[in-house]
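The block underneath contains the structure these notes are about, expressed in structure tokens.
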Amino acid sequence: MNTSSTTTDTATNKPPEQPTKTPSAELATWLTNLVRTRQYGQLADLRRPRARTTTHILAAAHAPADAPKQREVFEQVAFLFAVYHRGAIHPSYGYGSLGTAMRKIGSPAGRGPNDPGATRLADRIVSSRRIPWRHLQHAVTRLRSCDQPPPSWRQLIDDLDRWTERGRPVPYSWAVNFHTPVRNTTKGTTK
């Protein structure tokens, strides 16, 4: 008899381990569900950064219990999410890092590194030793006003959690993502 096809572990009589979502993925799912289910009151609560409402506490509760410093990151990313989704009827999950998203800030005349305002903002963000919450809010607001997708909310949480790591790999990767030109990788074309 093949025991690998059974639905319980015979030694412990428990169901097999299910892959668990990361805390950042759980928060991103919870936030997008607020938009999807039109919980506009809770989203408005999240846009009040100085208030400590039930919604702020629920957002911070997604942080791992053994990492109390992450609670601030979870609360602040929930704030940024709510700022981006003000008045939205569909959630935007985002894509890539903040550096990738900021490449789209600007106007048709110039975006990303070709927009002086976007370049100054990116430089301010990546040069900060502490998490630059005010500049991050400005970046998210600019993305929203330019009708551009946000960064991946899950990745933003993970990146900000690692912001002060030795060697500063997160700010460096954001700078690289912002300044590196996108290459055309379609077969048969050369540019």
Exercise for review: Might you let me know whether segment 8-21 holds any residue that is open to solvent by less than 90 Å² (accessible area, probe 1.4 Å), modelled with pLDDT of 90 or more and out of contact with any Lys or Arg (no Cβ under 8 Å at 6 or more places or on another chain)?
Suggested key: no
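Listed here are the residues, each with its yes/no results for (1) assigned to a helix (DSSP H, G or I); (2) farther than 30 Å from Arg183 by Cβ.
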| site | (1), (2) |
| --- | --- |
| Asn33 | yes, yes |
| Leu43 | yes, yes |
| Ile57 | yes, yes |
| Ala78 | yes, yes |
| Phe81 | yes, yes |
| Tyr95 | no, no |
| Ala101 | yes, no |
Point to revise | Any chance Pro68 is assigned to a loop (DSSP other than H, G, I, E, B), touching a Pro at 6+ places or on another chain (Cβ under 6 Å) and of a type outside the set (A, V, I, L, M, F, W, C) | key: no
**Study point:** Conditions (1) assigned to a loop (DSSP other than H, G, I, E, B); (2) under 22 Å from Thr22 (Cα atoms); (3) open to solvent by 80 Å² or more (accessible area, probe 1.4 Å); number of the one not met by Arg86
**Key:** (2)
Check your understanding: Looking at Asp158, is it out of contact with any Pro (no Cβ under 8 Å at 6 or more places or on another chain), among the acidic types (Asp, Glu) and modelled with pLDDT of 95 or more?
Key -> yes
Point to revise | Scan of segment 163-182 for residues that are closer than 14 Å to Gly99 by Cβ and of a type in the set (Lys, Arg), ordered by number | key: Arg168
Exercise for review: Look at Arg162 and say whether it is within 21 Å of Ala63 (Cα to Cα) and out of contact with any Asp or Glu (no Cβ under 9 Å at 6 or more places or on another chain).
Suggested key: yes
**Study point:** Elements of type helices (runs of 4 or more DSSP H) in segment 112-191, at least 2 residues being surrounded by fewer than 18 Cβ atoms within 10 Å (Cβ to Cβ), in contact (Cβ under 8 Å) with a residue 40 or more places away in the chain and not acidic (Asp, Glu)
**Key:** 133-145, 169-179
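The values are calculated or read from the model by the stated rules, or taken from the named source; none is laboratory data. On a predicted model such as this, the values are computed, not experimentally measured, just so you know. Glycine also receives a Cβ, built like all others from the backbone with ideal geometry; neighbour counts cover every protein chain displayed. Protein only, heavy atoms only, side chains kept; ligands, DNA and RNA dropped before computing areas. Shrake-Rupley method; radii C 1.70, N 1.55, O 1.52, S 1.80 Å.
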